[in-house]
Amino acid sequence: MKRLGPFVFERRLAPTRTAILGYSLLAILAALVVMSFIFWAYGVSPIKAYTVIGRTTLGSRFGLMEILRRTIPLLLCGVGLVIAFRAKFWNIGAEGQLLAGAVAATWVALFSGVSGPVKLPLMFVFGFAAGALWGIIPALLKVKLQVNDVISTLMMNYIMAYFVKWLIYGPWRGPTMRGFAYTDLFPRDAWLPLIRYSKVHWPTLLVGLVAAMLVALILSRTRLGYEIRVVGDSPDAAHYAGISFLGVSLWVMLLSGGLAGLAGVGEVAGIHHRLLEPDHVSLGYGYTAIIVAWLARGSPLAAIITSLLFGLIFAAGDEIKVTLQMPFQITGVFNGLILFFLIGVEVLLYWKVGLVRKGKGWVGKAGS
Amino acid sequence: MAEKRTDAHPDSLASHQNVALLMRDITKVFPGVVANDKVTFELKVGEVHALLGENGAGKTTLMNILYGLYQADSGEIYLYGKRVRIRSPRDAIRHRIGMVHQHFKLVPRHTVAENVVLGLDGAPFLAPARAVEDEILQLGERYGLKVDPKAYIWQLSAGEQQRVEIIKALVRGADILILDEPTSVLTPQEVEELFKILARMREEGHSVIFITHKLDEVMEVSDRVTVMRRGKVVATLSTADVNKPTLAKMMVGREVVFRLKKVACERGQEALVVEDLWALSDRGLPALKGISFSVCRGEILGIAGVAGNGQKELVEVITGLRRATRGKVFVLGDEVTNENPRRIADKGVAHIPEERLKRGIVPEMSVAENLILKRHHRSPFCHGFFLNLRAVKRFAHHAIEEYAIMTPGPDTPAKLLSGGNIQRLILARELSGEPALVIAAHPTYGLDVGATEQIRQILLEQRRRGAAILLISEDLEELMSLADRIAVIFEGEIMGEVSPEAATLEEIGLMMAGEKRRVRR
């Protein structure tokens, strides 16, 4: 038990599912409340803001489709990060792995000479491989040279972003683009089919949903998943049990990076149909996916829900920009607030908080 | 410097002029274990008082209560005859008590002076480190605590860092100094210097509490000694009136609590052979220096010794968790030196690890999942890529019943079990594959009487079944009642081997203190 001012904290060993859900919702609610002050400071009535956001996203077919479109890359990256985080591998590099996938898909689309119905599947295969490769490098660095995974995965994002820039300003700049920094448009056989009157490239969405289910299966039912969880929970016990740290780390980052790579394929083949500036290929999906995975608390299936939530926030950002004349970056503020409060409620998950009563010890307040 | 108080007090002992500290009837209960059971401890002004006991005897708990890190459940503390309440280390410092922890609490990237001044009341706002530099040099002069105030901590040896800790306490005006196992990280030369410093401090009128489990040190440095065992005080004696064998006997306990029925062993095939084994400790110093022995099926070889004499490294090398720098390990006739831990485990080697919570279980995972650790990659629990969850569950129910593991169910996270049940879980897992060799490191350490007895019975049952058992323990009573042979380890070497029927506690105690070597040469 610990005391801090008028509060008493008592350690709680295992938070219940209801507690986790309840406190996560509480964090989102708190972020919404703080957000309304930001709207207010901007001269926009928060009530009006939330009404507009609700009507234009959840309240229309167009809005719902926009949510889905944003959900796709978040889901794929988020599920990948769930695997990495379960092994306590802090992969901050989904953004770079996504771009690696986009680059590989572009190569298949424009330069491989392959055409016809095998082209799209091949783009996905190459995209997965490129993302996986970009993920495996930090895994090797960590296990072989003890390089910090947070730093290396983060730095790899910049390397890949500048690589993409170099490609589109240099060797891959499209001859038909009149000097703009794009590649040429992909031929039609490299375009993903869309749900009608929307930008939802449904094959990628399907891949994302299947990936979430497969990863759930891997984590709970397979030897690899078991070893991932042992390594994540207790590296000492993993060593004692003879589990190979190198093997598990490589598998984890292969899957994590590969899934992010698939997200990159979806963005270029489904929406842009060419490779362009890295911050246009991805609006920071690889970073937002960190929050998606954190909020999912290690469950790939929960990542479906949390990626939808952040898809909604992205879609709302577009609306805020168009309807309320506020900058799109407001989504970044909101994402930051949610992450901030989520980390804040950790305390409530593992500590029961009460008020000190004079002479009477303490009384439970936020306990469940 | 000491404030002597002479107010009349009902307790004649406490009001005695010479008594610096009296802790009376201190009781502290942790979940599942009584760490201090009505402990009474008295410290005189200007004495070095050794607090002797095995690991887990309750020494550190008692001192943590004195230093305000824990609150006692009951009992009283008197300083110079006056009752005090110590709620935090800050209170303790105010009462002129200083503590040097076993693991130093220093900021490596700061200088000596910066560390000394950190958190010091009354330090100036500007250039605080410079203000204490002179004082550090003066203290160094007075007590032989030589250390450069401008040096960075990371540049210092363990012995020098310890001096910084002592200076920290002295600058804060400590009259009573607690040293928690101060020699465990020191080289023999540094130990010598520490003892000189302690002698100086005694001359200056400081009172020192010296926590240790090493008999030599008690004899060399202390005026009086209090022996603790299993949370209780066995005796407080003047060091001049005792000898090492007596202390050893008090420390480990003479009476055998359990009369275990032990059938005569039938020695079978050699299950473990160790030849001239050398290995380094985590700090890179030689921890094993040419160890050789063998264990046969159907017998228990006990390894006795004071903690930190190479037992941990020995277990780790045999199980593949640490590299041998020289020598060979054979299991059932096949060489397994420096093989990976999985291959050694698959050969039929069970390992009941010393660090139960850190190594023995995966705390967040369920009891059922913990029960298949190490065998999760083999039939029947795993076929190809997939786990056979039905087999996992069936095995869990079976193991929970057979080993009487008290758990709400197989899906409960292992971290919610009590210490005894965690150990039952580990035994159930390690022994269910009918291993040829069982390596048990401190299997009953910190457990209550019931669990201890059950686990000893299980080990004897394994022996009857024909397993070879290597039992590492600090508990001589346990070794005497279980082992067929006892080898004593001291500073990485085997001092000798005795049979428990023929040996006396005194003899083993002397070997534990490294005496035998002198006799042999």
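The values are calculated or read from the model by the stated rules, or taken from the named source; none is laboratory data. Keep in mind the model is a prediction, meaning the values are calculated, not measured. Glycine gets a Cβ as well: all are built from the backbone with ideal geometry, and neighbour counts include every protein chain shown.
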Subset of the stretch A:278-313 (residues that are without any contact (Cβ under 8 Å) to a residue 24 or more places away in the chain and closer than 12 Å to A:Val82 by Cα):
A:Ala302
State which residue is farthest from B:Ile439 (Cα to Cα) when the search covers only the stretch B:342-370 and only residues that are within 9 Å of chain A (Cβ to nearest Cβ) and of a type in the set (Val, Ile, Thr).
B:Val362
Among the numbered conditions (1) outside the structural domain of B:Val45 (by TED's automatic domain parsing); (2) under 25 Å from B:Arg94 (Cβ atoms); (3) not aliphatic (A, V, I, L, M), tell me where B:Gln155 comes up short.
(2)
Looking across the stretch B:318-341 at residues that are more than 14 Å from chain A (Cβ to nearest Cβ) and outside any loop (DSSP other than H, G, I, E, B), the single one that is surrounded by the fewest Cβ atoms within 10 Å (Cβ to Cβ) is B:Asp334
Residues being under 18 Å from B:Asn309 (Cβ atoms), small (Gly, Ala, Ser) and at pLDDT below 90: count how many of those fall in the stretch B:453-502.
2
Identify the single condition in (1) surrounded by 16 or more Cβ atoms within 10 Å (Cβ to Cβ); (2) of a type outside the set (Phe, Trp, Tyr); (3) farther than 21 Å from A:Ala94 by Cα that A:Gly179 does not satisfy, given that it satisfies every other one.
(1)
Looking at the stretch A:239-250, can you tell me whether even one residue there is touching a strand residue (DSSP E or B) at 6+ places or on another chain (Cβ under 9 Å) and within 14 Å of chain B (Cβ to nearest Cβ)?
yes
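Residues to consider are A:Gly54, A:Gly43, A:Gly5, A:Gly80; find the one that is among the small types (Gly, Ala, Ser) and closer than 29 Å to A:Leu254 by Cα. Let's see the steps before the verdict.
Working: A:Gly54 fails: closer than 29 Å to A:Leu254 by Cα; A:Gly43 fails: closer than 29 Å to A:Leu254 by Cα; A:Gly5 fails: closer than 29 Å to A:Leu254 by Cα.
Residue meeting the stated conditions: A:Gly80.
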Breaking point among (1) at the interface with chain A (Cβ under 10 Å from one of its Cβ atoms); (2) farther than 25 Å from B:Gly409 by Cα; (3) buried (at least 19 other Cβ atoms within 10 Å of the Cβ), for B:Ile300:
(1)
Exactly one condition in (1) surrounded by fewer than 19 Cβ atoms within 10 Å (Cβ to Cβ); (2) of a type outside the set (Phe, Trp, Tyr); (3) within 30 Å of A:Gln325 (Cβ to Cβ); (4) touching a residue at least 12 places away in the same chain (Cβ under 8 Å) is false for A:Leu26; which is it?
(3)
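For the stretch B:211-231, does any single residue satisfy the condition of being of a type in the set (Gly, Ala, Ser), modelled with pLDDT of 90 or more and not in a helix (DSSP H, G or I)? Talk me through it step by step, then tell me what you get.
Keep residues of the stretch B:211-231 that are of a type in the set (Gly, Ala, Ser), which gives B:222, B:231.
Within this subset, residues satisfying the condition of being modelled with pLDDT of 90 or more are B:222.
This time we only want the ones that are not in a helix (DSSP H, G or I), so: B:222.
Yes - at least one qualifying residue is present in the stretch B:211-231.
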Search result, residues across the stretch B:132-175 that are in contact (Cβ under 8 Å) with a residue 40 or more places away in the chain, buried (at least 23 other Cβ atoms within 10 Å of the Cβ) and of a type in the set (Val, Ile, Thr):
B:Val164, B:Ile166, B:Ile167
Could you tell me whether any residue of the stretch A:260-278 is in a helix (DSSP H, G or I) and within 14 Å of chain B (Cβ to nearest Cβ)?
no
Can you spot a residue in the stretch B:399-410 that is under 25 Å from the mean Cα position of the chain (by Cα) and not assigned by TED's automatic domain parsing to the domain that holds B:Gly53?
no
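Out of A:Gly135, A:Gly116, A:Gly174, A:Gly170, report the one residue that is in contact with a Gly (Cβ under 6 Å, 6 or more places away or on another chain) and either in contact (Cβ under 8 Å) with a residue 12 or more places away in the chain or on the phi < 0 side of the Ramachandran plot (or both).
Working: A:Gly116 fails: in contact with a Gly (Cβ under 6 Å, 6 or more places away or on another chain); A:Gly174 fails: in contact with a Gly (Cβ under 6 Å, 6 or more places away or on another chain); A:Gly170 fails: in contact with a Gly (Cβ under 6 Å, 6 or more places away or on another chain).
One residue alone meets the criteria, A:Gly135.
How about the stretch B:376-388: which of its residues are within 9 Å of chain A (Cβ to nearest Cβ) and in a loop (DSSP other than H, G, I, E, B)? Talk me through it step by step, then tell me what you get.
Of the residues in the stretch B:376-388, the ones within 9 Å of chain A (Cβ to nearest Cβ) are B:376-377, B:381-382, B:384-387.
Correct list: B:His376, B:His377, B:Phe381, B:Gly384, B:Phe385.
Only one residue in B:Arg356, B:Arg424 is surrounded by 16 or more Cβ atoms within 10 Å (Cβ to Cβ) and out of contact with any Gly (no Cβ under 9 Å at 6 or more places or on another chain), so which one is that? Explain how you work it out, then say what you get.
Working: B:Arg356 fails: out of contact with any Gly (no Cβ under 9 Å at 6 or more places or on another chain).
Among B:Arg356, B:Arg424, only B:Arg424 is surrounded by 16 or more Cβ atoms within 10 Å (Cβ to Cβ) and out of contact with any Gly (no Cβ under 9 Å at 6 or more places or on another chain).
Looking only at the stretch B:84-120, count every residue that is among the charged types (D, E, K, R) and either in contact (Cβ under 8 Å) with a residue 24 or more places away in the chain or crowded, with 16+ Cβ neighbours inside 10 Å (or both) and tell me the total.
In the first step, residues of the stretch B:84-120 are kept if they are among the charged types (D, E, K, R); the result is B:85, B:87, B:90-91, B:94, B:96, B:105, B:109, B:114.
After this cut, where a residue has to be either in contact (Cβ under 8 Å) with a residue 24 or more places away in the chain or crowded, with 16+ Cβ neighbours inside 10 Å (or both) as well, the list is B:96, B:105, B:109, B:114.
Result for the stretch B:84-120: 4.
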Can you find, within the stretch B:406-440, the residue that is nearest to B:Leu460 (Cα to Cα) among those that are within 14 Å of chain A (Cβ to nearest Cβ) and part of a loop (DSSP other than H, G, I, E, B)?
B:Gly433
Going through the stretch B:34-56 one residue at a time, which ones are assigned to a loop (DSSP other than H, G, I, E, B) and buried (at least 24 other Cβ atoms within 10 Å of the Cβ)?
B:Gly53
Hey, A:Asp236 hits all of (1) closer than 26 Å to B:Ala391 by Cβ; (2) part of a helix (DSSP H, G or I); (3) within 11 Å of another protein chain (Cβ to nearest Cβ) but one; which does it fall short on?
(1)
How many of the residues in the stretch A:208-232 are at the interface with another protein chain (Cβ under 7 Å from one of its Cβ atoms) and touching a residue at least 40 places away in the same chain (Cβ under 8 Å)?
1
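When only residues in the stretch A:4-24 that are among the β-branched types (Val, Ile, Thr) and assigned to a helix (DSSP H, G or I) count, which is nearest to A:Tyr350 (Cα to Cα)?
Going through the stretch A:4-24, the residues among the β-branched types (Val, Ile, Thr) turn out to be A:8, A:16, A:18, A:20.
Those left that are additionally assigned to a helix (DSSP H, G or I): A:18, A:20.
Details: A:Thr18: 13, A:Ile20: 10 Å.
Step by step, filter the stretch A:4-24, then rank; the result is A:Ile20.
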